[in-house]
1. All but one of (1) free of Cβ contacts under 8 Å to residues at least 40 places away in the same chain; (2) part of a loop (DSSP other than H, G, I, E, B); (3) open to solvent by 20 Å² or more (accessible area, probe 1.4 Å); (4) not basic (Lys, Arg) hold for residue 215; state the number of the condition that does not hold.
2. What is the residue count in segment 133-155 for residues that are surrounded by fewer than 20 Cβ atoms within 10 Å (Cβ to Cβ) and not small (Gly, Ala, Ser)?
3. For segment 160-173, enumerate the residues that are farther than 20 Å from residue 128 by Cβ and open to solvent by less than 10 Å² (accessible area, probe 1.4 Å).
4. Can you name every residue in segment 104-125 that is touching a residue at least 12 places away in the same chain (Cβ under 8 Å) and either among the charged types (D, E, K, R) or assigned to a helix (DSSP H, G or I) (or both)?
5. Does segment 174-183 contain at least one residue that is open to solvent by less than 20 Å² (accessible area, probe 1.4 Å), free of Cβ contacts under 8 Å to residues at least 40 places away in the same chain and either among the basic types (Lys, Arg) or farther than 23 Å from residue 87 by Cα (or both)?
6. Which of (1) at pLDDT 95 or above; (2) open to solvent by 10 Å² or more (accessible area, probe 1.4 Å); (3) touching a Pro at 6+ places or on another chain (Cβ under 7 Å) is the odd one out, the single condition residue 130 does not satisfy?
7. In segment 238-256, how many are surrounded by 11 or more Cβ atoms within 10 Å (Cβ to Cβ), of a type outside the set (Lys, Arg) and assigned to a loop (DSSP other than H, G, I, E, B)?
Amino acid sequence: PSPTQPIPSAPPALTRQTPVTPDDAWGVAFFDTRACRKRIERYRSEGMFQPPSTRDSIMQPGNAGGMNWGGIAFDPQRQLVIADSMTLPFVVALIPRDQMDQQLNDPQYDDWEFARQRGTPYGMRRHSFVSSLGIPCVKPPWGQLTAVDMVHGTIKWQVPLGDTPFIHMNLGMPSLGGPIVTASGLVFIAASLDDRFRAYDVETGKRLWEVKPPAGGQATPMTYSVGGRQYLVIAAGGYKSDSTRGDYLVAYALPR
């Protein structure tokens, strides 16, 4: 049997797939970086094919990471795939069956996700690998928008997607949702947890437009035309406590 899944030679990986090391620690302040470094030193990280363990282990990409749930957009005229991806490691551990109830009631795991995995010897717990400030513990970017040239198997452009809280820099944020691309060469995406809806030039990745809907647009937009005018729609409902919650369906009219 093969020790890993097949590893494609092209295109290049869109997100980090390497083990997380202490040098990858990052924070908005010295104390934050130091705390992340200490956690990395304590955790296990052997790369994306490491087997499960009862020891706290870092997954990179995480279970929500890599190319995102929103899927891809394809530009047939330019033969480009537009993909939203994120680098958000998770900490995961197996729980022996006889320790499951104890850990479920342990206050230190109050905000962890649990799976009982009934019928197996182990349950599971996991948590996004973030600092006490709620920011990922590894170096940015944590979210990116990428155009992949499908003819040559190369990355045409790649840009950070999303502004970071506290320091408000475009370092790329985790996201949930996918892009769409129009025949005129515009890429629209609203998935980032900074709650912005953006448009990019499909040829260069240059940001052309940005707006903040009344709630997070963690969804994939759609577009349609009525009476000769094109509209852009996003379901803005937010995501858990990570973005602004709401109950909106927002439509924007493109200029004539």
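The values are calculated or read from the model by the stated rules, or taken from the named source; none is laboratory data. Source: prediction; values computed, not measured. A quick note on method: Cβ atoms are made from the backbone with ideal geometry, for glycine too, and the neighbour counts reach across all protein chains shown. Only protein heavy atoms, including side chains, enter the accessible area calculation; ligands, DNA and RNA are left aside. Shrake-Rupley method; radii C 1.70, N 1.55, O 1.52, S 1.80 Å.
1. Here residue 215 clears every test but (3).
2. From segment 133-155, those surrounded by fewer than 20 Cβ atoms within 10 Å (Cβ to Cβ) are 133-134, 139-140, 149-155; that's our starting set.
Going one step further and asking which of them are not small (Gly, Ala, Ser), we end up with 133, 139-140, 149-152, 154-155.
The total comes to 9.
3. Hits for segment 160-173: nothing passes.
4. Selection gives 109, 111, 113, 116, 125.
5. Filtering segment 174-183 for residues open to solvent by less than 20 Å² (accessible area, probe 1.4 Å) gives 174-175, 177-179, 182.
From what is left, the residues that are free of Cβ contacts under 8 Å to residues at least 40 places away in the same chain are none.
Within segment 174-183, not a single residue is open to solvent by less than 20 Å² (accessible area, probe 1.4 Å), free of Cβ contacts under 8 Å to residues at least 40 places away in the same chain and either among the basic types (Lys, Arg) or farther than 23 Å from residue 87 by Cα (or both).
6. Tallying (1) at pLDDT 95 or above; (2) open to solvent by 10 Å² or more (accessible area, probe 1.4 Å); (3) touching a Pro at 6+ places or on another chain (Cβ under 7 Å), residue 130 fails exactly one: (1).
7. 7
One line per residue, one yes/no per condition, for (1) of a type outside the set (S, T, N, Q); (2) farther than 25 Å from residue 30 by Cα:
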| residue | (1), (2) |
| --- | --- |
| 97 | yes, yes |
| 105 | no, yes |
| 110 | yes, yes |
| 128 | no, no |
| 151 | yes, yes |
